[in-house]
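The values are calculated or read from the model by the stated rules, or taken from the named source; none is laboratory data. Nothing here was measured: the structure is a model prediction, and the numbers come from that model. Please note: Cβ atoms are built from the backbone with ideal geometry, for glycine as well, and neighbour counts cover all protein chains shown.
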Amino acid sequence: MIDVNLKGTLYSIAAAIPLFQKQGFGHFVNIISTEGMQITPTMGVYAGTKNAVRTISETMRKESGGRWRVTGILPGFVKTPFADSIRNEAMRHAIQQQAAEIAIPPSAIAESVAYAISQPENVEVGDIVVRPSVQEEVRFLFLRRCRGTFSI
């Protein structure tokens, strides 16, 4: 998780900066997560990596002096095969059930990226939160459903 979410972001930024400096402009789009805005039980490391990417993104925005744009996309519950890799059967089932009920399609995230990068050069879209309209209401019910099923 740290390698992909945090180091992967840092390596990508490091690879892009020389090109952005050479051409005098660029646009970073970092996929963060709504977990980067809140703390959820059992999500400490994941939320930590997403909070780090959010902080790095905001720092880059401020340090760039307008030379490049930085957008953070904060997806909520998106329909992905993420749950398939969870070993805890009860947790995997609960997440799969929740996804079937409320998850939004990946195309919603793609559309938010397209919106951010299609803006005029002098417009920066800072952060975009894209989540199911009922995500917060069902989060509490989901955590109650999963209580006692978490394993570290």
Quiz item: Out of all the residues in the stretch 54-96, which are farther than 21 Å from ALA108 by Cα, of a type in the set (A, V, I, L, M, F, W, C) and touching a strand residue (DSSP E or B) at 6+ places or on another chain (Cβ under 7 Å)?
Solution: MET60, TRP68
Exercise. Could you list all residues from the stretch 17-45 that are farther than 21 Å from TYR115 by Cα, β-branched (Val, Ile, Thr) and touching a residue at least 40 places away in the same chain (Cβ under 8 Å)?
Key: THR40, THR42, VAL45
Exercise. Read through the list (1) among the charged types (D, E, K, R); (2) within 10 Å of the chain's Cα centre (by Cα); (3) surrounded by fewer than 19 Cβ atoms within 10 Å (Cβ to Cβ), then give the number of the only condition that LYS7 fails.
Key: (2)
Quiz item: Name the pairs: first residue in the stretch 97-119 and in contact (Cβ under 8 Å) with a residue 24 or more places away in the chain, second residue exposed (fewer than 13 other Cβ atoms within 10 Å of the Cβ), Cβ to Cβ under 6 Å, at least 6 apart or on different chains?
Solution: ILE102/VAL134
Exercise. Report the residue count in the stretch 74-91 for those that are over 23 Å from ILE31 (Cβ atoms), in a helix (DSSP H, G or I) and not hydrophobic (A, V, I, L, M, F, W, C).
Key: 1
Quiz item: Looking only at the stretch 115-144, which residues are at pLDDT below 55 and either under 30 Å from THR59 (Cα atoms) or surrounded by 16 or more Cβ atoms within 10 Å (Cβ to Cβ) (or both)?
Solution: ARG139, PHE142
Quiz prompt | Residues within the stretch 15-65 that are acidic (Asp, Glu) and either surrounded by 18 or more Cβ atoms within 10 Å (Cβ to Cβ) or touching a His at 6+ places or on another chain (Cβ under 8 Å) (or both), tallied | solution = 1
Quiz item: Does GLY48 meet the test of being in contact with a strand residue (DSSP E or B) (Cβ under 7 Å, 6 or more places away or on another chain) and free of Cβ contacts under 8 Å to residues at least 40 places away in the same chain?
Solution: no
Practice problem: Name every residue in the stretch 66-114 that is loosely packed, with under 15 Cβ neighbours inside 10 Å, hydroxyl-bearing (Ser, Thr, Tyr) and either at pLDDT 95 or above or on the phi > 0 side of the Ramachandran plot (or both), in order of residue number. | Solution: SER107
